[in-house]
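Below: one structure, written as structure tokens.
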Amino acid sequence: MPYQHVSLNGEPIALPVGKVVCIGQNYHDHIAEMQSKTAEQALFFIKPSTALCALAPGFSIPQQQGEVHNELELAVLIAKPLKNADATTVNDAIWGYSLALDLTLRELQSQLKQLGRPWEIAKGFDGACPIAGFVEKQQVVAAQQLEFSLTVNHTLRQQGNSANMIRSITQIISEMSAHFTLLPGDIVLTGTPAGVGPLHLGDQLQLQLANFFSVNSRVY
């Protein structure tokens, strides 16, 4: 079934399905666990619209391509065009917030990094961005203080708070818009905290966004 943006109650959102623009290295604990080198300039990359799929009731992962890692991220749905946008313009353009998994073919990504090559194919494959329904912006009083978590097979794997982002949500989107025009229906992923790890067939997942929702999913 083709992906469609939906609200928490499952109602379709009247926005087209666009690209997914992501930031890497936006939480210090994840940078440490990956032993990554950082730079002053933000690390941006794009997943195509074909990477999007519904998180529930479940999603598939690639086989015979090495480990597929979870990266839990706060997601932002864009409702208006943004180019070289300031913070006020960014806030006005947000439709709402959700949680997504930035699925990553970790071994392939590492190989491509060692070769000095881009690693989009490790991040942008079909179904590489399972995502839940969106909470409308008006319901979220403090987007920069949202707790979120991922459990895998009833064991807590990732836990984060948007207050701990290196770059804030508005700063991320503002900087992105200087490089890429963001269009209605695009999604912005805001980085992952520590706790990334491999997913396997049959894993049972639960994603929690503050007191807004808890979504169950499985890997098949």
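Here are the numbers for the structure shown:
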{"read-out": "Positions within the stretch 186-212 being in contact (Cβ under 8 Å) with a residue 24 or more places away in the chain and more than 30 Å from Q63 (Cβ to Cβ), in sequence order", "value": "A210, F212"}
{"read-out": "Filter pass, Q114 being modelled with pLDDT of 95 or more, out of contact with any His (no Cβ under 8 Å at 6 or more places or on another chain), on the phi < 0 side of the Ramachandran plot and of a type outside the set (A, V, I, L, M, F, W, C)", "value": "no"}
{"read-out": "Residue, farthest from L74 (Cα to Cα), within the stretch 185-214, restricted to residues that are open to solvent by 40 Å² or more (accessible area, probe 1.4 Å) and part of a loop (DSSP other than H, G, I, E, B)", "value": "L201"}
{"read-out": "Qualifying residue in the stretch 163-174 (condition: part of a loop (DSSP other than H, G, I, E, B), surrounded by 13 or more Cβ atoms within 10 Å (Cβ to Cβ) and of a type in the set (V, I, T))", "value": "yes"}
{"read-out": "Scan of the stretch 116-156 for residues that are part of a loop (DSSP other than H, G, I, E, B), open to solvent by 50 Å² or more (accessible area, probe 1.4 Å) and either among the hydroxyl-bearing types (S, T, Y) or under 24 Å from R167 (Cβ atoms) (or both), ordered by number", "value": "P118, V141"}
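The values are calculated or read from the model by the stated rules, or taken from the named source; none is laboratory data. Nothing here was measured: the structure is a model prediction, and the numbers come from that model. Virtual Cβ from ideal backbone geometry, glycine too; neighbours counted across all protein chains shown. Areas reflect the complete protein model, heavy atoms only, side chains present, ligands, DNA and RNA absent. Shrake-Rupley method; radii C 1.70, N 1.55, O 1.52, S 1.80 Å.
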